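Trainee: Here you go, one structure.
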Amino acid sequence: MSRFAEAIEAARHGAPAEQAPVDTSSWHDGPEVQLSVRLPEGLRSRVASTAKAQGLTVTAFVERSLQRAVAEANDSFVGLAADLARNVRAELRSAIEAGAYREAASEVEREEAWS
């Protein structure tokens, strides 16, 4: 069994059969509050440049990022999808660095066809 198939199979076994999605309706209730965090200068710079590239303010980018993080942490299916995407990207990145991207991409496509 390939590493991709193993990752997919492990994720499937770890996911519950039923779970209600995270209720996000209350996320915008109430007044806005101040949240202050300290970041390394390099990360702050990357956040600002990424937000700008996406046409967002830093505040909008951070809010969206936090909403995604909360959903991933509290909804096992959203978290599962995010974990699978991260794992596949890591495998493909590793394959690119090793010069074996085509083979790894083909393996992913084969596994997806069987899923």
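The values are calculated or read from the model by the stated rules, or taken from the named source; none is laboratory data. All values reported here derive from a predicted model rather than from experimental measurement. Cβ sites come from the backbone with ideal geometry, for glycine too, and all protein chains shown count toward neighbours.
Trainee: Out of G30, G55, which single residue is of a type outside the set (A, V, I, L, M) and modelled with pLDDT of 90 or more?
Mentor: None of the others qualify; the one that does is G55.
Trainee: Further question: Could you please let me know if R46 is surrounded by 13 or more Cβ atoms within 10 Å (Cβ to Cβ), over 15 Å from A5 (Cα atoms) and either at pLDDT 80 or above or not small (G, A, S) (or both)?
Mentor: So R46 fails the test.
Trainee: Please indicate, with yes or no, whether at least one residue in the range 47-56 is on the phi < 0 side of the Ramachandran plot and in contact with a Gly (Cβ under 9 Å, 6 or more places away or on another chain).
Mentor: No.
Trainee: Being in contact (Cβ under 8 Å) with a residue 40 or more places away in the chain and β-branched (V, I, T) is the filter here; which residues of the range 40-98 pass it?
Mentor: Within the range 40-98, V70, V78, V88 qualify.
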